[in-house]
Every structure is written in C-alpha cells, then in structure tokens.
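Peer 1: To start, I am sharing the structure in question, which I have written as structure tokens.
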Amino acid sequence: MSVDVDTAPAGPPALDDARNLRQRARAVGMNPDYWYAVEEVRRVKPGTVTEVVFWKQSIALYRSEDGSFHAIENRCLHRQIKLSLGQVDGCRLVCGYHGWEYDEDGRVSEIPDLFGRQEVPNLSVRTYPVQVRYGLVWIFPGDPALAGERQIPEIPELEGSSRWACVPLVFDLQAHHSIIIDNVSDFSHAYLHRRYRPFDGATLTRHETVGDNVHLAYETRVGRGRISGLFVDHARLNTNHMELWQKYLESRYISSAYLIGPAGNRPERVVSYIQKKCEEIGLGIVMYEDLQSLEDRLARIGLARGDREDLDHSMWRFSFWLERQMQKVVSTNRKQEKSPRGGPAVYDYQELIRHGLLQARDVRERLATLYEAHFHHRALAKAVAAELEGNEWDPAEPQSETHWKAALNDSEHHLVQAAMYYEHRAKLGILKGAVEFALLARSGALPEQRKIKFMDFEVPADFLPDSFHKAVDALQGIEHFERAPMVWQSLLWKWGGFLLLDRLEDEKQEIAEEAGIALASLESMLGLYDVLFPMERGWWAEFQGTRVLKLFPGAFRGIGVKLRMSRRGAGTVAEAFGEYPHQFLTSNLGGWNNAAVRLLDYGEAKP
C-alpha cells in the first residue's frame, strides 16, 4: 500500500540566501517611497478600522465618522496591542485593551487612567499620508516628505465624464510582487485564453525603459472572441494595438560584499573552508599574499592610503589593544574577593555583548536581548564601585562616593572602567540595531514581530521601548543615516568620545568629512544617544576645555589624546595642547593619556 503525500514546494530563497540576479529580484522588498493602493473605499465604512500590511509592516487604516481616512502605525504605545483591534470614536482611534485614544496625527490624546499624572504625556505613533482615488485608498509608507513629489499613477480612463465602464475585480494573490507584475501582462497569454480569444496574436513593436517605468507596445487583435466581440464596434474602433506601462519600484540592497584577508601560509584546506563559509553568508572573498600586494592593488584602483589613513589605522590598532586589556581586566577580576558579585556580573555582560548575540534569529530578537541587558545593567559600573568600596551589592540603586568619583574624575579602578566600557558597547549595539531596523523598514524586509498569547490578546514577545521607535523615526530624517554606527564608532574608539571646545566646529567638520556626510547630519547623529537613552541634562557635558560623552572610560579617551598628538606631530601633551587657553585642559588630557598607558601596562593589578 502506498500513500501519496502532497508536499508544498519550497518558496524562493530570501534575499540573504539569493545566489543570482533572478533570485535577488524575487526576494527584494518594495520601495516604500511610492503610493500604494491598500483597500477599496467601499469596504471601509465610516466609523470602522481595518488592518492593512505593507511588506510586513502592520498599519491601522481607519475611517472617521465624517468619512475621512487615516493610517497610523498598528500598535498601542501602552502594551503594543494592535490598534486595529479597537474602535473608532469620532475622529480618534481607541485601543481595545486599555482605552488609549489616538488622534489623526498619531498623538495620544486621551488616557482613561493617568495614575496621578496631571496631563496626558506627549506620546505618538507614526502616521502615513493617505489619499483616495479611483475608488481605492492609497497610503505612502515611506518618507512623508516625498509624498507630495511622488504622484499616484494617472489613469484618465477611470476619471472624468468620459470614463470607461469598469467592474473592479479583487484577487488575493500569495506571491512576490515581481511575479504578479510579470503575470498580469497578457502579452504572452494568447494561448492560455484560446477558448474565448479576448485577443489573438502578439507582435512586439516597442520595449523601452524610461526612468523607473517600462513601456511595452504590441500589435494584437483585441476583442474578437466569442464573448468580447459582442461588446466592441470594430467598424468604429481600431482595437489592433496594445500599450502597457509598468512602474518597477526600485528597492535598495547590497549587491555584493567582500571579506579581504591574508592568505599567508595557510593550508589549502583552511582557505577552502573560509571560502565556503563566506559563500554561505553571501560574502565574496579576496585573499592576498602579503600586505604590500594588497596596498598595490588598491592603489591601482584609486584607493591608496595616505598618511592620514596610516595614522587612523594605527589608532584602530591602539583601540584594539586597549579592548584586549579590558578583557584581561574582566577575566582577572572575575573571582576577586573585593568584588565577588561585580566581577562575575561584568564578565557575563562582556560575554553577552561579545558572543551572546550571535545566535539571535533576527534584529528584533537581538535588540530585545540587548535592551533587557541594558536595563538590567544601567548602573553596573557604579554598583561595582560601591562593592569595591565595601558596600552591599545593589545594581539597582548603588551607593558609592570615593571609588565612583575616582573612576569618573581620575580614571581609577580598572574593573569600574571595564563596566563603563561595556555599558557603552551595549548602547552602540542598540544604536546599530536602530539603523538596521530603519533600513529593513525602508526596504520592506523587517522581520515579523513574534507574539505570545495573553488572555484573549496577542502581545509582542520582543518588546522595544518607545524611545527606540522615536530614534528610528529620527534616523529616517537624517541624510545617510546608515552611517551613524560608523560615526559613533569613530567618535568613541578613535576620537576618544570627546571634542576640544577650542576646535569644536573644526573637529566636527573633520569627523563629518571622514564619514562622507554633511555637518547637519553629524549634528543629528550626535543627538541620537539622547533620543535612545533619555538622561537628565543629556549625554554631553563640558569639562575642562572639552565636550565629553558622559561615563566613557578615561583610558579610551586617551586614544583621542593620542590621535590629536600624532596629527600635530607632538611628543608630549603639553607640546600638543599648551597653546589652548583653558588652564586645566593640559592636565585633563594628560590624565586620560596616562589612563590609557596604565591600562596597557595592566598585569596582575587588583581593581
């Protein structure tokens, strides 16, 4: 006896798994910076709400009682429940869980219970531009600033006093948009419709790409079938010509990336293994015999390094050495008597940041893990200082005086410095995740949010705070926002997390030029910490002739001192900075430089 089992065919590969141009075309997301029809007007009655989805983005489309349409992000800021499960009250959308009300601009306008607050907090979710045309509701999922520039396609046959008779047909097709576009064109479907022959024959006469449009024209005999022929007056109309126009909406993706590494004396099997692993994750690989051959190759294509690049390279090596020393500090103090709770806590935090995120399924899970650790360790450095001072371990509200001040002002206590360092590593990981989140949202490839069942509701498993979503919105308004992680990495691990007040604008301009961004974009990027991690008085402070990022370890500020000394060709701090007027600047920078030296010399010293 045999049993036939129908097995569904495997779907096309995801973008990361695509191996050729056709597969990438079938996997790439839709560009949100266009108008998209998402629903028929007649199907959304006044006073109702429905969910529409644009490339995995859930949007609540609701119609006010006056008949106007509005589209907002489909999540309540309170418990992340879908707003499309709620109801419409006048021109507001009300969450069905706790009754939070949102106006047409996405602002929280009413909360039934303020729990002692005097007024409704200033909170909002994202909104989307909406238009109604051709009996359809259109939304603009991308940059709202572009909504006025991009037009809904003109179809004159569907408007005005001479509009054609039209019977709308609605199909729900579970397929990639490129496949649907390819198959709704009847150019090659004469054989398929041979029984009723709505058209007969097809000779291509034009095929042209104009901007993001594709134009086709072909000669064909239209409306001569057994049924369609009854509705066409061939004596009055020439129906032997067909023109098609399609807008192929571009979506941006990385077409190729490469890992460059030295071949050296590696065995062939090792090189083959590296090549195989790179291929599995879509990376090309370039192996070079020695550093000079690579430099020569880059020079031939105009990418030769200059003196500045050589200096930057040495700064990154310096930064790497300091990080290795931080790891040694953490390992050495993992089981020290003076910090029996703090040492293991810093070690676990370090291991999470360095290795623990590699198994995350996607950016949502990685961010949720980072945020959970961030909230749990937000006072880790001060808690370590308090324990070293002899106080009880209290990571929530640590009490420290001498050790904490010594760590902040004099860069003392290596284990405290290490905790500060990994706190910033986690923050930078969250910032990078926000950029990745924004890029995926823009391309329509954002992974769907996982849910868990709670009573009769589904709630998010990977909760991200409102400050994160505000940062994502802020990023999308910054030109070249994808470079923000690179800017912050350079700011912290090359420039030392500080700027000289006497050269403030010059140093900002240098950082912007290095990143290839405008100064205005840099200013916005420097404010991202304050959006992601709100803090009283902000994250930047003026300190003895410098503008510093708070709670950044002094040893890494020493990298910034070394960078500026090297660029000036100075051998001492006094020689490099003695010309600046602030009386404490030289001693301040000298202290940071000495902190870096002490960390590099770290051996078996106790914290």
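Peer 1: Would you kindly work out the equivalent ellipsoid of the range 308-399 from its C-alpha gyration tensor and give its semi-axes, the square roots of five times the eigenvalues, largest first in whole Å? Intermediate values should be presented prior to the final figure.
Peer 2: Working: eigenvalues 141, 87, 29 Å².
After diagonalising the Cα gyration tensor, the semi-axes are 27, 21, 12 Å.
Peer 1: Still on this model: Can you sort ARG133, ARG364, ARG150 by how many other beta carbons sit within 10 Å, fewest first?
Peer 2: Result, fewest neighbours first: ARG150, ARG133, ARG364.
Peer 1: Can you order the peptides 93-99, 573-579 by their average number of other Cβ atoms within 10 Å per residue, highest first?
Peer 2: The densest-packed peptide leads the list: 93-99, 573-579.
Peer 1: Continuing with the same structure: Translational D (Stokes-Einstein, µm²/s) of the range 478-532 at 20 °C and 1.002 mPa s when Rh comes from the Kirkwood sum over C-alpha pairs?
Peer 2: Reported coefficient: 191 µm²/s.
Peer 1: From the alpha carbon gyration tensor of the range 175-247, can you work out the equivalent ellipsoid semi-axes (sqrt of 5 times each eigenvalue) and give them in Å, largest to smallest?
Peer 2: 24, 16, 10
Peer 1: Next up: Return the subset of LYS508/LYS562; LYS427/LYS550; LYS276/LYS494; LYS335/LYS432; LYS432/LYS550; LYS427/LYS508 for which the Cα-Cα distance in this structure is over 24 Å, preserving the input order.
Peer 2: In this structure, LYS276/LYS494; LYS335/LYS432 exceed 24 Å between Cα atoms.
Peer 1: Calculated FRET efficiency, VAL184 and ASP105, Cβ-Cβ r, R0 25 Å, to nearest 0.05?
Peer 2: 0.10
Peer 1: Right, another one. Could you please tell me the mean projected area of the C-alpha convex hull for the range 390-540, averaged over all directions and given in square nanometres to one decimal?
Peer 2: Projected area, direction-averaged: 12.6 nm².
Peer 1: Fewest first, what order do LYS432, LYS508 take by the number of other Cβ atoms within 10 Å?
Peer 2: Arranged by neighbour count, lowest to highest, LYS432, LYS508 become LYS508, LYS432.
Peer 1: I would also like to ask the following. Size of the range 140-185 along its principal axes in angstrom, Cα-based, largest extent first?
Peer 2: Computed over the range 140-185, the largest-to-smallest principal extents equal 35, 30, 16 Å.
Peer 1: Could you list, bin by bin from short to long, the percent of Cα-Cα pairs of the range 56-115 in 5 Å steps?
Peer 2: 4, 21, 34, 25, 11, 4, 1
Peer 1: Output the Cα-based Rg and Dmax of the range 90-199 in Å, rounding Rg to one decimal and Dmax to a whole number.
Peer 2: For the range 90-199, the Cα-based Rg and Dmax read 22.4, 73 Å.
Peer 1: Please order CYS166, CYS76 by the number of other Cβ within 10 Å, starting at the fewest.
Peer 2: Going from least to most buried by this count: CYS166, CYS76.
Peer 1: Between the range 91-116 and the range 157-191, what is the C-alpha centre distance in whole Å?
Peer 2: 40
Peer 1: Testing the spin-label approximation: label points 7 Å from Cα along Cα→Cβ at HIS193 and LYS335. State their distance in nm.
Peer 2: Distance between the two pseudo-spin positions: 7.9 nm.
Peer 1: Also, I was wondering about something else. For the range 36-149, report the % of Cα-Cα distances exceeding 19 Å. Intermediate values should be presented prior to the final figure.
Peer 2: Details: 2735 of 6441 pairs.
So the pairs more than 19 Å apart make up 42 percent of the total in the range 36-149.
Peer 1: If you look at just the Cα atoms of the range 516-562, how large are its Rg and its Dmax in Å?
Peer 2: Every Cα atom of the range 516-562 included, Rg and Dmax give 12.3, 32 Å.
Peer 1: OK, next. Please give the length that would be gained between ARG43 and SER467 if that part of the chain were fully extended, namely 0.36 nm times their separation in residues minus their C-alpha to C-alpha distance (nm, one decimal).
Peer 2: Stretched out fully, the ARG43 to SER467 stretch lengthens by 149.1 nm.
Laboratory data are not the source of any read-out in this text; all were calculated from the coordinates shown. A quick note: this is a predicted structure, and the numbers were derived from the prediction, not measured. All Cβ positions, even for glycine, are placed from backbone atoms using ideal geometry, and neighbour counts span all protein chains on display.
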